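Read through the structure below, which is laid out as structure tokens, and then see the notes.
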Amino acid sequence: MPQTHEVTNQVPPHHGHDVAADPSLTEALGREGAGWAASELHELGVLAGSEQAAEWGRLANENPPVLRTHDRWGHRVDEVEFHPSWHELMSIAVSHGLHAAPWQEPRPGAHVARAAKFYVWGQAEAGHSCPVSMTYAVVPALRTTPELAGRLEPLLASRTYDFGLREPNGKRGLIAGMSMTEKQGGSDVRANTTTAVPAADGTYRLTGHKWFTSAPMSDVFLTLAQAPGGLSCFLLPRVLPDGTRNALRLQRLKDKLGNRSNASAEIEYEEAHGQLVGEEGRGVATIIEMVNMTRLDCVLGSASGMRLGLVRAVHHATHRRAFGKALIDQPLMRNVLTDLALESEAATTVALRLAGATDRAAAGDTAEALFRRLALAVTKYWVCKRAPMHAAEALECLGGNGYIEESGMPRLYREAPLSSIWEGSGNVAALDALRAMARAPEAIEAFFAEVDGAAGADRHLDAATAELRKQLADPAEAEYRARRLTETMALVLQASLLQRHAPNAVADAFCASRLGGEHGGAFGTLPRGVDTEAVLGRARTVTA
């Protein structure tokens, strides 16, 4: 009987590699002062590239969280149940310090090391990065109230993942969430109607509805509410000191496009107990400290997803044959893959540069803080905006196989738009860049001081930088033009970093295609003369 199901020309599983064997990442790790973390990074990279981690990611997404509002006797419990694979992923993330650990690490480069590990482990599964990120980001906001920070920060930085509803001070480690937006306002948080009434014991009682609460299974939350002195920031625990549950009622879990492994909820406060963080009336200024940190993770998450899509596409093209030779040896496919590689390398390089700025700003470097303030808004807009297009093109490199759920590419594709929406959509990020320049003109000087580090290295970059200065000097219709201005700033910054730190083949191809007008609207329209072998060699590292 003839064999009708002989399997040939199929690509082997993409397991058994070191995700951290990424030249753009490891070079930046040393450059930004965290070379000491290389060993742990590669240890995590091997785990992230393992078949076990892939299985955890698959199971956590195919078995999404379930809301249990009441127990069998009718008591309100407001619990979210997760598949065991979610807890495995969270435990690895926390034990490797991807959450708040850097704030308790005095060594220079701690935030860079954490960023690199976040980037690597996110390629195993991205959904659980949300609570990990918020636990990292909550610390600067809490430090506006030293008593709270002193009590909670060591637990937020603990490398023990201790899931379960118990009083925070009785746990070995904490996870933090955030609850800002309401259904009538969205990004316009000043339209919030949740109220906070002072109580005799110095705490507040919060009443209202939150439309989108990240990680509702967390131990503590930062939230915004209208206090007598105006919109203010509050810390709400899930469990009160006496062991009773705080009145945070989980109404439903959101049915999201992607990010399926992670729970997001609508919550109602029924005179929930909260403690003021910062000053009354300064809620936005307080919680923005948290937002600015999670925006860094939006950039890191997008860069991580780009790298994952790239290496999967290169792996497929290396092993799949068509028309008599491997896909990767077909000129047009090489053009596409090389273009994807350029985008990925630029995203990774700028993400780690911002992590370095975060590290130095946390240590008191004013110039780095100014650079970070503007560059983060600019980069958050552009890198996160590019991620969905990158994911779509990487998926297409696998053809019909990429459209099948088992390939993992649909999950990457669904996840890609999230970072561009979370912590301020594209318009919010672009307008925030304008706001940063208006409020602190010295941030513009810090930005150009960084860009000018590559002055004279490439004619396309020099011309784009000169044109950018002219555009920024013209305030006419700046808000209408905000996206174009922000895009140009992001590209100039990426090009400058690549000219200084990447191989010539990468830097020159990026400048010619992104700044020189030698590029079409789609990936795979690079000009002639690009050294595709040199560029793709950096993407092949993990697929050998």
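The values are calculated or read from the model by the stated rules, or taken from the named source; none is laboratory data. These figures come from a predicted structure and were not determined experimentally. Every residue, glycine among them, receives a Cβ derived from its backbone with ideal geometry; neighbour counts consider all protein chains shown.
Asp462: over 19 Å from Leu370 (Cα atoms), in contact (Cβ under 8 Å) with a residue 12 or more places away in the chain, outside the structural domain of Asn262 (by TED's automatic domain parsing) and more than 26 Å from the chain's Cα centre (by Cα), yes or no?
Values: over 19 Å from Leu370 (Cα atoms): yes; in contact (Cβ under 8 Å) with a residue 12 or more places away in the chain: no; outside the structural domain of Asn262 (by TED's automatic domain parsing): yes; more than 26 Å from the chain's Cα centre (by Cα): yes.
It is false that Asp462 is over 19 Å from Leu370 (Cα atoms), in contact (Cβ under 8 Å) with a residue 12 or more places away in the chain, outside the structural domain of Asn262 (by TED's automatic domain parsing) and more than 26 Å from the chain's Cα centre (by Cα).
Restricting the search to the stretch 283-302, which residues are over 8 Å from the mean Cα position of the chain (by Cα) and among the hydrophobic types (A, V, I, L, M, F, W, C)? Steps first, please.
Taking the stretch 283-302 as the starting set, the residues that turn out to be over 8 Å from the mean Cα position of the chain (by Cα) are 283-293.
Selection gives Val284, Ala285, Ile287, Ile288, Met290, Val291, Met293.
Do you know which residues across the stretch 445-459 are surrounded by fewer than 19 Cβ atoms within 10 Å (Cβ to Cβ) and either more than 22 Å from Ala512 (Cβ to Cβ) or touching a Leu at 6+ places or on another chain (Cβ under 6 Å) (or both)? Even if it seems obvious, please write down each step before you answer.
As a first pass, look at the stretch 445-459 and keep what is surrounded by fewer than 19 Cβ atoms within 10 Å (Cβ to Cβ): 445, 449, 452-453, 455-457, 459.
Passing the criteria: Glu445, Ala449.
Residues in the stretch 435-457 that are more than 26 Å from Met306 (Cβ to Cβ) and either in a helix (DSSP H, G or I) or at pLDDT 95 or above (or both): how many?
If we filter the stretch 435-457 for residues that are more than 26 Å from Met306 (Cβ to Cβ), which is where we start, we get 435, 437-446, 448-449, 452, 455-456.
Cutting the leftovers down to either in a helix (DSSP H, G or I) or at pLDDT 95 or above (or both) gives us 435, 437-439, 441-446, 448-449, 452, 455-456.
Residues meeting the conditions: 15.
Which numbered condition trips up Ala539, out of (1) part of a loop (DSSP other than H, G, I, E, B); (2) farther than 30 Å from Ala21 by Cα; (3) at pLDDT below 95?
Looking at each condition in turn, Ala539 falls short on (2).
Can you find even one residue in the stretch 38-57 that is among the hydrophobic types (A, V, I, L, M, F, W, C), assigned by TED's automatic domain parsing to the domain that holds Ala126, touching a Lys or Arg at 6+ places or on another chain (Cβ under 9 Å) and under 30 Å from Pro216 (Cβ atoms)? Walk me through how you get there before you give the answer.
Here is the first cut: in the stretch 38-57, the ones among the hydrophobic types (A, V, I, L, M, F, W, C) are 38, 41, 44, 46-48, 53-54, 56.
Retained after the next criterion (residues that are assigned by TED's automatic domain parsing to the domain that holds Ala126): 38, 41, 44, 46-48, 53-54, 56.
Those left that are additionally touching a Lys or Arg at 6+ places or on another chain (Cβ under 9 Å): 41, 44.
Add one more test, that the residue is under 30 Å from Pro216 (Cβ atoms), and what stays is 44.
Yes, the conditions are met somewhere in the stretch 38-57.
Select from the stretch 10-24 the residues that are closer than 14 Å to Ser50 by Cβ, out of contact with any Asp or Glu (no Cβ under 9 Å at 6 or more places or on another chain) and among the hydrophobic types (A, V, I, L, M, F, W, C) and list them in ascending order.
Those that are closer than 14 Å to Ser50 by Cβ, out of contact with any Asp or Glu (no Cβ under 9 Å at 6 or more places or on another chain) and among the hydrophobic types (A, V, I, L, M, F, W, C): Val19, Ala21.
Does Ser187 satisfy the criteria of being in a loop (DSSP other than H, G, I, E, B), assigned by TED's automatic domain parsing to the domain that holds Ala101 and under 25 Å from the mean Cα position of the chain (by Cα)?
Details: in a loop (DSSP other than H, G, I, E, B): yes; assigned by TED's automatic domain parsing to the domain that holds Ala101: yes; under 25 Å from the mean Cα position of the chain (by Cα): yes.
Taking the combined requirement at face value, the residue satisfies it.
This table checks each residue for (1) at pLDDT below 95; (2) among the small types (Gly, Ala, Ser); (3) within 25 Å of Val94 (Cα to Cα); (4) crowded, with 18+ Cβ neighbours inside 10 Å.
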| residue | (1), (2), (3), (4) |
| --- | --- |
| Ala196 | no, yes, no, yes |
| Thr213 | yes, no, yes, yes |
| Gly229 | no, yes, no, no |
| Pro237 | no, no, yes, yes |
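Specify which of the listed residues (Ala341, Ala322) is hydrophobic (A, V, I, L, M, F, W, C) and buried (at least 24 other Cβ atoms within 10 Å of the Cβ).
Numbers: Ala322 fails: buried (at least 24 other Cβ atoms within 10 Å of the Cβ).
Going through Ala341, Ala322 in turn, the sole match is Ala341.
Go through Ala391, Ala363, Ala313 for me and flag whichever is within 19 Å of the chain's Cα centre (by Cα) and in contact (Cβ under 8 Å) with a residue 24 or more places away in the chain. Lay out the reasoning, then the answer.
Values: Ala363 fails: within 19 Å of the chain's Cα centre (by Cα); Ala313 fails: within 19 Å of the chain's Cα centre (by Cα).
Every option except Ala391 fails the conditions.
Does the stretch 169-194 hold any residues that are farther than 22 Å from Gly230 by Cβ and crowded, with 20+ Cβ neighbours inside 10 Å, and which are they?
Within the stretch 169-194, Gly173, Leu174, Ile175, Ala176, Gly177 meet the criteria.
Somewhere in the stretch 459-473, is a residue touching a Lys or Arg at 6+ places or on another chain (Cβ under 7 Å) and either more than 30 Å from Ser179 (Cβ to Cβ) or in a helix (DSSP H, G or I) (or both)? Talk me through it step by step, then tell me what you get.
We begin by selecting, within the stretch 459-473, every residue touching a Lys or Arg at 6+ places or on another chain (Cβ under 7 Å); these are none.
For the stretch 459-473, residues touching a Lys or Arg at 6+ places or on another chain (Cβ under 7 Å) and either more than 30 Å from Ser179 (Cβ to Cβ) or in a helix (DSSP H, G or I) (or both): absent.
Could you list all residues from the stretch 292-316 that are surrounded by fewer than 24 Cβ atoms within 10 Å (Cβ to Cβ) and among the polar types (S, T, N, Q)?
Selection gives Asn292, Thr294.
Can you name the condition, by its number, that Thr486 falls short on among (1) modelled with pLDDT of 95 or more; (2) among the β-branched types (Val, Ile, Thr); (3) closer than 30 Å to Met178 by Cα; (4) surrounded by fewer than 21 Cβ atoms within 10 Å (Cβ to Cβ)?
(4)
For every residue, the table says whether it meets (1) not polar (S, T, N, Q); (2) not in a helix (DSSP H, G or I).
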| position | (1), (2) |
| --- | --- |
| Ser85 | no, no |
| Val94 | yes, no |
| Arg107 | yes, yes |
| Lys117 | yes, no |
| Gly127 | yes, yes |
| Pro140 | yes, no |
| Leu148 | yes, no |
| Glu153 | yes, no |
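Starting from the stretch 174-202, keep only residues that are free of Cβ contacts under 8 Å to residues at least 12 places away in the same chain, then list their pairs with residues that are part of a loop (DSSP other than H, G, I, E, B) and among the charged types (D, E, K, R) whose Cβ atoms are within a distance under 8 Å, requiring at least 6 positions of separation or different chains.
Ala191/Glu182
For the stretch 198-211, give me each residue that is basic (Lys, Arg) and surrounded by fewer than 22 Cβ atoms within 10 Å (Cβ to Cβ).
Arg205
Could you tell me whether Ala367 is more than 26 Å from Leu398 (Cα to Cα) and in contact with a His (Cβ under 9 Å, 6 or more places away or on another chain)? Don't jump to the end; show me each part of the working.
On the way: more than 26 Å from Leu398 (Cα to Cα): yes; in contact with a His (Cβ under 9 Å, 6 or more places away or on another chain): no.
Here the answer is no, as Ala367 does not meet what is asked.
Pairs needed: first member in the stretch 55-71, closer than 20 Å to Arg245 by Cα; second member anywhere, of a type in the set (Lys, Arg) and modelled with pLDDT under 95; C-beta distance under 6 Å; at least 6 residues apart or different chains.
Here the result reads His70/Arg76, each pair linking the stretch 55-71 to a residue that is of a type in the set (Lys, Arg) and modelled with pLDDT under 95.
Given the options Arg321, Arg334, Arg372, Arg312, name the one that is under 30 Å from Val428 (Cα atoms) and assigned by TED's automatic domain parsing to the domain that holds Ala433. Full working, then the answer.
Values: Arg321 fails: under 30 Å from Val428 (Cα atoms); Arg334 fails: under 30 Å from Val428 (Cα atoms); Arg312 fails: under 30 Å from Val428 (Cα atoms).
On inspection, the qualifying residue turns out to be Arg372.
Could you list, in sequence order, the residues of the stretch 1-30 that are outside any loop (DSSP other than H, G, I, E, B), free of Cβ contacts under 8 Å to residues at least 60 places away in the same chain and acidic (Asp, Glu)?
none
If I filter the stretch 134-157 for residues that are over 27 Å from Ala351 (Cα atoms), of a type in the set (Ser, Thr, Tyr) and surrounded by fewer than 21 Cβ atoms within 10 Å (Cβ to Cβ), do I get at least one hit?
Scanning the stretch 134-157, I find at least one residue that is over 27 Å from Ala351 (Cα atoms), of a type in the set (Ser, Thr, Tyr) and surrounded by fewer than 21 Cβ atoms within 10 Å (Cβ to Cβ), so the answer is yes.
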